[in-house]
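As structure tokens, the structure follows; a few thoughts come after it.
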Amino acid sequence: MAIPPLEELRELLQAAGQLAIQLREAGLQIETKPDGSLVTNADRAVEEFLRPKLTQLLPGSSVYGEEFGLDKPGHSGLWAVDPIDGTSNYCFGSPLWGVTIGLIQGNQAVMGGIYIPNLDEMYLASKGLGATLNGRPLAKPKPGPIQPYELISYNEWAQRSLPKLPGKQRLIGSIVVEMAFVASGRYRGLAGRRERLYDIAGGLPLLSELGFDVRHPDGTLIDIAKLTGGAQIGPWLAFPPESGYFGKS
């Protein structure tokens with residue numbers, strides 16, 4: 001299957017991020033979802049902006065977005081979109097939120113990107129082409145166990161439930177920022193649980209191209225096909241190779 005040029009994905013992510021900033025400056029309409037999370041007019045507007053452009057970018061594709069769900073299946077790929085990940089951060093002025101887009105073909109995330117507008121950081125990756133931050137290649141992580149002084153992102157469930165979770169644990173409040181910070185080397189790893197495909201699809205190609213070990217804690221691989229219907233991923237980790245951690249839970 002064809003994979004579109006990364007430059008076109010970069011342009012879309014940047015435009016979506018700038019739209020989100022403009023809408024915040026104009027004043028947000030904030031609502032609470034049934035699960036207690038926030039949603040704004042900007043979340044919906046950014047996704048509405050992206051959906052037709054993505055299907056134009058890859059004819060025959062479909063879109064699965066956080067705010068408007070899943071289109072009818074396409075034959076050339078599935079775009080998974082979170083228009084604003086870290087909506088609470090976004091609403092209250094934290095810079096730690098982002099726009100993310102990933103392309104699923106078969107059972108793989110083959111292309112993706114994360115844009116963190118307030119940091120002006122653009123992360124892009126495509127299968128076999130490596131991963132970049134603002135156009136510069138990202139370095140692969142050093143293999144081996146995570147040391148007690150190295151940072152990982154986590155959630156409260158992971159802290160309670162995973163045995164001897166390594167490193168110094170930090171909460172960010174946006175899984176796409178966490179994935180970006182792992183890719184950039186600021187963090188050595190992350191632990192997640194409740195994410196859906198649109199949350200992680202843009203970051204998975206980054207981590208894959210850099211050689212991170214992305215699995216469930218028992219060592220089994222993540223089955224992307226099971227997530228296309230809206231299921232949560234369940235407990236998962238992204239750690240450097242040879243971390244020695246998988247299979248301990």
- Query: Is at least one residue of the stretch 229-243 surrounded by 15 or more Cβ atoms within 10 Å (Cβ to Cβ) and part of a helix (DSSP H, G or I)?
  - Reply: no
- Residue count for the stretch 105-158, restricted to those that are part of a helix (DSSP H, G or I) and out of contact with any Gly (no Cβ under 7 Å at 6 or more places or on another chain): 5
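Being in contact (Cβ under 8 Å) with a residue 12 or more places away in the chain, under 25 Å from residue 128 (Cβ atoms), outside the structural domain of residue 128 (by TED's automatic domain parsing) and assigned to a strand (DSSP E or B) is true for just one of 182, 214. Which residue is that?
Numbers: 182 fails: assigned to a strand (DSSP E or B).
After ruling out the rest, the residue left standing is 214.
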- Item | Index of the failed condition, residue 133 passing every other in (1) in the same structural domain as residue 221 (by TED's automatic domain parsing); (2) surrounded by fewer than 22 Cβ atoms within 10 Å (Cβ to Cβ); (3) over 13 Å from the mean Cα position of the chain (by Cα) | (1)
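I'd like to know if the stretch 36-44 contains one or more residues that are within 18 Å of residue 109 (Cα to Cα) and outside any loop (DSSP other than H, G, I, E, B). Reasoning before the result, please.
First, the residues of the stretch 36-44 that are within 18 Å of residue 109 (Cα to Cα): none.
No: the stretch 36-44 contains no residue that is within 18 Å of residue 109 (Cα to Cα) and outside any loop (DSSP other than H, G, I, E, B).
For the structure I just gave you, tell me whether residue 109 is within 27 Å of residue 245 (Cα to Cα), crowded, with 22+ Cβ neighbours inside 10 Å and either in contact (Cβ under 8 Å) with a residue 40 or more places away in the chain or touching a Pro at 6+ places or on another chain (Cβ under 8 Å) (or both).
Values: within 27 Å of residue 245 (Cα to Cα): yes; crowded, with 22+ Cβ neighbours inside 10 Å: yes; either in contact (Cβ under 8 Å) with a residue 40 or more places away in the chain or touching a Pro at 6+ places or on another chain (Cβ under 8 Å) (or both): yes.
Yes.
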- Query: Which one of these does residue 2 not meet: (1) small (Gly, Ala, Ser); (2) part of a loop (DSSP other than H, G, I, E, B); (3) modelled with pLDDT of 95 or more?
  - Reply: (3)
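If the requirement is being at positive phi and not charged (D, E, K, R), which of these qualifies: 229, 202, 244?
Checking each option against the conditions leaves just 244.
Quick check on the stretch 144-155. Is at least one of its residues more than 18 Å from residue 185 (Cα to Cα) and out of contact with any His (no Cβ under 7 Å at 6 or more places or on another chain)?
Filtering the stretch 144-155 down to residues more than 18 Å from residue 185 (Cα to Cα) leaves 155.
Filter once more, keeping what is out of contact with any His (no Cβ under 7 Å at 6 or more places or on another chain): 155.
There is at least one residue in the stretch 144-155 that is more than 18 Å from residue 185 (Cα to Cα) and out of contact with any His (no Cβ under 7 Å at 6 or more places or on another chain).
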- Going by the structure shown, is residue 85 charged (D, E, K, R) and over 14 Å from residue 104 (Cβ atoms)? yes
- Message: Between a residue in the stretch 226-238 that is free of Cβ contacts under 8 Å to residues at least 40 places away in the same chain and any residue that is not in a helix (DSSP H, G or I), which pairs come within a Cβ distance under 7 Å, given they are 6 or more apart or on different chains?
- Response: 227/196; 227/233; 232/194; 232/195; 232/196
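The values are calculated or read from the model by the stated rules, or taken from the named source; none is laboratory data. What you see is a predicted model; the values in this text were computed from it and never measured. Please note: Cβ atoms are built from the backbone with ideal geometry, for glycine as well, and neighbour counts cover all protein chains shown.
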